[in-house]
Amino acid sequence: MRRWLVTIVVLVGLVMTACGRASQPTVQPPVGGETVTGVAASRLVVVASLPILASMVKAVGGELVEVSAVMPGGADPHTYQPTPRDVATLAEAQVVVYNGGELDPWMERQLEAVRSKAKVIVLSEGLKPPEGVAVEEERVLGTPEPEHDEEHGINPHFWLDPDFAVIYIDRITAGLVEADPAHAELYRANAARYIDEIRNFDTWAKEQIATIPPERRKLVTFHNAFPYFAAHYGLELVGVVVLSPGREPSPQEVAQLVARIRAEGVPAIFVEPQFNPKLAQTIAQEAGVRVLELYSDAAPAGMDYLAMMRQNVTNVVEGLRG
């Protein structure tokens, strides 16, 4: 009888334990990362327009942020159309990061549509080209002419110059600190380390570019994304294949570019993965030069900012040094 009572007590205890466990809520890991004790439940939800900008946010935020990009890797931001899922993601964001200018104007429109209350960081806001670099922003074919005030008429691809990338990191840091002041020191420490990495990369990149003979330091790119990169590294931007995304050059413009490549002794043409390379390949064949790849606003999935920049420098050196 006593043995039977003990058995009943043990069985009741097991049932109560199982019920207690079943009643506890299951904590799901955040999208894009594993659960971190004490951090996952309080991660700051950040949405960036481009994956390359999301990688910058991740470098500063670390495990304190749950960051995603609206645009998938390899897509063209100039012509990207956000999906309903993108809009829903933006509606849930606590912090939104985008470049600004005519690169990702759809972000501003979607934020207005969902009446977002998020902290918004516009990375290129108020930035000016370096002295002596007069560049106009691209305009997608079929879009209205932008207003020409201080926020318009400027090429938006600032991050391809490491000096501007540091400004981007500073702005991301300030935004995260404002949204989550309890972790301010961690954000600032992460940013300081990442800026050191950018500076170290830049030193290496300048050493690599210096190995190209001066007369061969000339760039022809697919679209007008690299004026700041070229100016920073002492490269001459001789021409671009497509002046505006979505606008095919005329036969006369193609012939003029081929003639310029030959006259200037340009060793290579650089294409970008988001664009059809056939036209550039035809021009390269006519001019008798190589075709290599560069990344600007549509880096392959999984490639962060510094990896993209290292690959760009490596490809430029390979294409121009000969």
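Would you confirm, using the coordinates I've provided, whether residue 257 is under 20 Å from residue 291 (Cβ atoms) and surrounded by 14 or more Cβ atoms within 10 Å (Cβ to Cβ)? In short, yes.
Of these, 31, 36, 12, which one is under 29 Å from residue 192 (Cα atoms), out of contact with any Ser or Thr (no Cβ under 9 Å at 6 or more places or on another chain) and either surrounded by 11 or more Cβ atoms within 10 Å (Cβ to Cβ) or modelled with pLDDT under 50 (or both)? Checking each option against the conditions leaves just 36. May I ask you to list the residues in the stretch 73-88 that are surrounded by fewer than 20 Cβ atoms within 10 Å (Cβ to Cβ) and more than 19 Å from residue 157 (Cβ to Cβ)? Of everything in the stretch 73-88, those that are surrounded by fewer than 20 Cβ atoms within 10 Å (Cβ to Cβ) and more than 19 Å from residue 157 (Cβ to Cβ) turn out to be 81, 82, 83, 84, 85, 87, 88. Scanning the stretch 161-203 for residues that are basic (Lys, Arg) and either touching a Leu at 6+ places or on another chain (Cβ under 6 Å) or under 23 Å from residue 230 (Cα atoms) (or both) returns 171, 199.
Here is the figure for the stretch 289-301: residues that are more than 11 Å from the chain's Cα centre (by Cα) and either farther than 29 Å from residue 258 by Cβ or acidic (Asp, Glu) (or both) total 1. Out of all the residues in the stretch 131-146, is one or more modelled with pLDDT of 90 or more, in a loop (DSSP other than H, G, I, E, B) and either under 16 Å from the mean Cα position of the chain (by Cα) or surrounded by fewer than 21 Cβ atoms within 10 Å (Cβ to Cβ) (or both)? For the stretch 131-146, residues modelled with pLDDT of 90 or more, in a loop (DSSP other than H, G, I, E, B) and either under 16 Å from the mean Cα position of the chain (by Cα) or surrounded by fewer than 21 Cβ atoms within 10 Å (Cβ to Cβ) (or both): absent.
When the stretch 293-322 is filtered for residues that are among the aliphatic types (A, V, I, L, M) and within 20 Å of residue 166 (Cβ to Cβ), the ones remaining, listed by number, are 299, 303, 306, 307, 308, 309, 313. Is the stretch 67-74 home to any residue that is at pLDDT below 95, over 17 Å from residue 105 (Cβ atoms) and over 14 Å from the mean Cα position of the chain (by Cα)? No, the stretch 67-74 has no match at all.
The values are calculated or read from the model by the stated rules, or taken from the named source; none is laboratory data. All figures in this text were calculated on a predicted structure; none of them were measured in a lab. Don't worry about glycine lacking a Cβ; one is built from the backbone with ideal geometry, like all the others, and counts go over all protein chains shown.
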